[in-house]
Each structure stands twice: as structure tokens, then as C-alpha cells.
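Heads up: the structure comes next, in C-alpha cells.
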Amino acid sequence: MKHLIAFLVLILTTGSLGVATAQEVYTNSEEGYSLELPSSVWRVISEADAANGHAAFVNGDRLQGHLQVRKEVVDAGVTPVDLARRDLDQKFRFLPGFVEGKQEKFSGRLEGVTASYEFVRTGKPMMGRVYYLQADNRTIFALRFTGLRDKLARIRNQTDSIARSFKLK
């Protein structure tokens, strides 16, 4: 019995059961970044193009998790905290049923902050979580995740992973 337990522990710690998740790297050459999607459930639904430069992704469907990546050119000295406050005050506050959540420092390949909020869409409780990542003193990337409140909260490890993998080209 001890040998069986030791064998199972060895298999689980080395990952020999083939339970690895397939990560896909997405590269946006227009805006000069790449990120890793944590599983094949995440997929690109619109490529960045010259007209808008923005890519969008879903985790199965929009209600399970939707991501939009935006490159924000800001005045020198504007911090991720400043941009998060501006977005909350000028964009998100006007969503039906808006409830402001907390802001937290975030560390990945780029430093920044996260801002969370709740709102209602078509009678459903929704959640938004935005990662504001400082690229340089004039550029902040905003990774805007939305989805059903319960669903988005459950995949927080995936949204964190995507934001941590975000890097400049």
C-alpha cells in the first residue's frame, strides 16, 4: 500500500498522467504584445486590425469569460491607478447595477493594478475585472475581462495567468 501511495504521489508531482493544459501564445504585431491563453477553451474571436487594433477572446462563450485588450496612450506620469480611477468614474459607473469593487496591486511581466466591479446585463449579475499594466511612462495596456459574476470569479486563476503572461514584443 505504501508503494502504491508513493507511486501515485510521484505521478501527480511529475505530471506523468498527461493532464497538462495546452497553452496557446497569441501575438499581436500591430500593438506589439503577446499573451498566453491557458487552455484550448480560450479562443480568439476577433483579430486586431488596422481599424481598431484590438483583439478579443472568449472562454467558451462571452458569459463564461470575455477579454478585450486595449492599448491606452496616456499623458506622461499617468499611472495604472490613475487610469483605473478614470475608467471607473467615466465608463463603468454608468453600467446598470454598478457596484465598485476593490483595486489591488498586480505583478507579472508588467507591473500594474487590477480593478473589479459588478454590474447587471439583461437581468444577469455580471462582473468585470481589468488589469492595467504599465508598459512605459506613456502606455498602459488594459486587459478587460467580463463575464457572469460566478463564472468569472471561478476562473480568477486563469485571468491572473493571462495577465502575468502578457509581454511586450
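The values are calculated or read from the model by the stated rules, or taken from the named source; none is laboratory data. Quick caveat, the model's predicted, so the values are computed rather than measured. Neighbour counts are summed over all protein chains in view; Cβ atoms, including those assigned to glycine, are modelled from backbone coordinates with ideal geometry.
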**OP:** Kindly check whether there is at least one residue in the range 38-48 that is touching a strand residue (DSSP E or B) at 6+ places or on another chain (Cβ under 6 Å), in a strand (DSSP E or B), surrounded by 13 or more Cβ atoms within 10 Å (Cβ to Cβ) and small (Gly, Ala, Ser).
**Re:** no
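Per-residue answers, yes or no, for (1) touching a Pro at 6+ places or on another chain (Cβ under 7 Å); (2) part of a strand (DSSP E or B); (3) under 23 Å from residue 34 (Cβ atoms):
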site	(1), (2), (3)
56	no, yes, yes
75	no, no, no
115	no, yes, no
142	no, yes, yes
**OP:** Kindly indicate whether residue 93 is in a strand (DSSP E or B), charged (D, E, K, R) and either at pLDDT 95 or above or within 20 Å of the chain's Cα centre (by Cα) (or both).
**Re:** no
Subject >> Residue that is nearest to residue 167 (Cα to Cα), among those in the range 108-133 that are of a type in the set (Gly, Ala, Ser) and touching a helix residue (DSSP H, G or I) at 6+ places or on another chain (Cβ under 8 Å) >> reply: 108
Subject >> Positions within the range 110-158 being within 18 Å of residue 59 (Cα to Cα) and among the acidic types (Asp, Glu), in sequence order >> reply: 150
Original post:
For residues in the range 114-134 being more than 18 Å from residue 90 (Cα to Cα) and without any contact (Cβ under 8 Å) to a residue 40 or more places away in the chain, which is surrounded by the most Cβ atoms within 10 Å (Cβ to Cβ)?
Top reply: 126
**OP:** Consider residue 163 carefully, then state whether it is buried (at least 20 other Cβ atoms within 10 Å of the Cβ) and in a helix (DSSP H, G or I).
**Re:** yes
**OP:** Answer with yes or no whether residue 83 is assigned to a helix (DSSP H, G or I), in contact with an Asp or Glu (Cβ under 9 Å, 6 or more places away or on another chain), surrounded by 13 or more Cβ atoms within 10 Å (Cβ to Cβ) and free of Cβ contacts under 8 Å to residues at least 40 places away in the same chain.
**Re:** no
